[in-house]
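For reference, the structure is listed below as C-alpha cells.
Nothing in this text is a laboratory measurement; each read-out follows from the coordinates by a stated rule. Note that this is a predicted model, so its numbers are computed, not measured. Because the Cβ atoms are built from the backbone with ideal geometry, glycine has one as well, and the counts that use them run over all protein chains shown.
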Amino acid sequence: MVSQKPHNVTARERLPVAVPIASKPRGFVKGVMAMQRNALFVLPRIAFTQPIVSGKVVRRFHMVMDPESLKRVLKDKAADYPKSEESQAMLRPALGNGLFLAEGAHWRWQRRAAMPVFAPRNLTALTPVMTEAAEAAAGRLVGRRGPVDLYQEMLRTAFEVIAAVSMSADTAIPRDIAHRAIDRYLATAGRASVLDILQVPNVVPRPTRILGAALVADLKRAADRAIEARRAAVREEPKPLLDLLIEASDPETGREMTNEELRDNLLSFLVAGHETTALALSWSLYLCAFDESVQDRAREEARAVLGTRAAEAEDVPKLGYVRQIIEEAMRLYPPAAMVSRTATAPDMLRDREIRAGDLVLLPFYALHRNTCVWDRPDAFDPDRFAGDVDRYAYLPFGAGPRVCLGMGFAMQEAVIVLATLLARYRFRAVPGKEPDPVMILSLRPDGGVWLEVEPL
Ligand code: HEM
C-alpha cells in the first residue's frame, strides 16, 4: 500500500539527514553499545522494507511497521497490548503512576480528569500563551549575529508554553530549575532504556540512573511546592492544568488525586509536552533551511495571513502549508520515534504468531520510512500531507485509547510558532553543521539545529 502520490523529482535528489542504519547485524555486545548511543540503531535495514521483523534477543520481539497490524495493537486489541513495563522503567522514577504510565482503571480516570484542558474551547482560551511565546521567540532572534541553535530556542519556547498552561505564572515551578532538571534527567535517564527493553539483568550497572536520582528529587520538591501554591491560590480562567487536576474526582468513587498523583501528572505533562513539541519545531526549521523553496512558499502563506504580527488562534486554519511542513517533519523525525508494548495474550499479526510475554516494538521512525508504505520515504515533501493519509501509516502521536492527549495542543502551538518565525526571518543552513538524529528517549537533533537567521 502506498499512501501518497508519487512525485516528479529526479532520483538523485538531495535527502535530509537520517539515522545511519548498519547493513549487517552488529552482534549482541556491539549492538547494546551502539544502542546506548542511539536507540534507533536497534533497527535492522529490513525494518525499512518489510512489514514485520521478528526475532529473539534475550526475549522474543516483533517490530511492527504494518499499518493494519499497528491498528490491531494500538486500537482493536489495545487491552491485550499494554505499555511494556521495561521500557517505562526509566520514566517511572520521575513520573510515578501518572497518566503517561498508568494502566487500567487508574489510567482511565486520570485521562478523563485531564481531558477538559485539551477540549477545543479551552484550547482556544489557552492560545494567547502560545502567541506570547511565539512573539518572545521571535524577539530573542532580533539582532543575533552568526548561527543560532534553534533547538535550544525551541526548547525554551515550548517550555514557556507548557509551564504557563500547567501552573500559571504566579505559582509556577521556577522555570529555570524545572527546565534544567527535566533536560538533564532526559539526557541521562533515557540512556538506560535499551538495557531495560532487552531485559538485561539489573546487575549490569546503569550509572546514569544514579545521577538521575538526585535530579528527580529536585524536580519532585519543586513540583510539590507548585501544588501547595496552587491549592492556596485564587482560581482564575482559563484554568491551568494543575487546577483542573486538583478539582477532578473519580466519577465512580468520588476520590480526588493525592498530592503524589498530582505531582506525577504535573511532571508527566511537563516531560511529555515540552521536548516533543520543541523537536517538531526544530526539525521543521531544519527542513525549511534544507529546502528553501519550501520555506519561501510557507513564508508567502504566513505573510499573507499575518503580515508580520504573531499568529493567533483564528489564523491557524489558514496556515495549511505551514501545518503540512510540521507534519512532514514529524514523519521524517517523529519525536516519539519508537514506543513498545508487551503482549499479554496470544495473537496473530499477519503471518506472525504472537505469544503472551512477547515484546512488541512500534518503531514509528521505520514505519514512516518504510518502502511498503511510502513513496521515496527519505525525501522531504510536505505535499504528501495535502490530501488524506492512511491513519495507521503515520503515527507521530500514536493512536487508539492511549493516543497523545496533547495532539491538538501541540499542533496548534507548532503552527503558531513556526508561522510567526517564518513571517519575520529567513533561515539558512550552515554548511558542515547538520544535526545528527539521535534517539535518547526522543529523537533529538544531536549537535543542535544551527541556522543563520536573517531578518526580512
Ligand atoms: C509534537 C509533540 C508531541 C508528540 C510527537 C507526542 C507524542 C506522543 C505519543 C506518541 C504518545 C503515545 C505513546 C504511546 O502510545 O506509548 C503520547 C502520549 C501522551 N502525550 Fe504526547 N506528544 C506531543 C505533545 C504532547 C503535549 C503538548 C502534551 C501535553 C500538554 C502531551 C501529553 C501526552 C500525554 C499525557 C500522553 C499519555 C496519554 C495516555 O497514555 O493516555 N503530549 N504523546
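On a C-alpha basis, how far is the centre of region 99-165 from the centre of region 398-456 in Å? Whole number, if you could?
Computed from Cα coordinates, the inter-centre distance equals 13 Å.
Between GLN152 and GLN36, what length in nm is gained on full extension when 0.36 nm per residue of separation is reduced by their alpha carbon distance?
The GLN152-GLN36 span can extend by a further 39.5 nm.
What is the sum of charges around GLU256, taking Lys and Arg as +1, Asp and Glu as -1, for the other residues whose C-beta is under 15 Å from the C-beta of GLU256? Numbers along the way, then the final one.
Working: positive: ARG112, ARG230, ARG231, ARG255, ARG263; negative: ASP243, GLU247, ASP250, GLU252, GLU260, GLU261, ASP264.
Neighbourhood net charge equals -2.
Among SER23, SER54, SER69, which comes first, then next, by fewest other beta-carbon atoms within 10 Å?
Ascending Cβ contact count within 10 Å gives the list SER23, SER54, SER69.
Calculated FRET efficiency, VAL389 and THR308, Cβ-Cβ r, R0 41 Å, to nearest 0.05?
After rounding, the FRET efficiency stands at 0.80.
Given the pairs LYS318/LYS433; LYS56/LYS77; LYS56/LYS83; LYS30/LYS83; LYS220/LYS318, which span a C-alpha to C-alpha distance of over 30 angstrom in this model?
Checking Cα-Cα distances, LYS318/LYS433; LYS220/LYS318 exceed 30 Å.
Using a 10 Å cut-off around each Cβ, can you sort THR342, THR420 from fewest to most neighbouring Cβ atoms?
Sorted ascending by nearby Cβ count, the order is THR342, THR420.
Starting from the amide H of ILE354, placed 1.01 Å from N in the peptide plane, find each other amide H under 5 Å away whose residue is 5 or more places distant or on another chain.
ASP347, MET348, LEU349
For the pair THR371 and ALA217, how long in nm is the line joining their label points, each one 7 Å along Cα→Cβ?
That separation, rounded to one decimal, is 5.3 nm.
Along the Cα→Cβ direction, 7 angstrom out, place labels at ASP250 and LYS56. What is the inter-label distance in nm?
For the pair ASP250/LYS56, the computed spacing is 4.1 nm.
So how much slack lies between MET115 and ASP436, counting 0.36 nm per residue of separation and subtracting their Cα-Cα distance, in nm?
Values: separation 321, 0.36 × 321 = 115.56 nm, distance 3.54 nm.
Contour length minus the Cα-Cα distance gives 112.0 nm.
Assuming R0 = 60 Å, can you tell me the calculated FRET efficiency for the pair ASP296 and ALA229, based on Cβ-Cβ distance, to the nearest 0.05?
Calculated transfer efficiency: 0.80.
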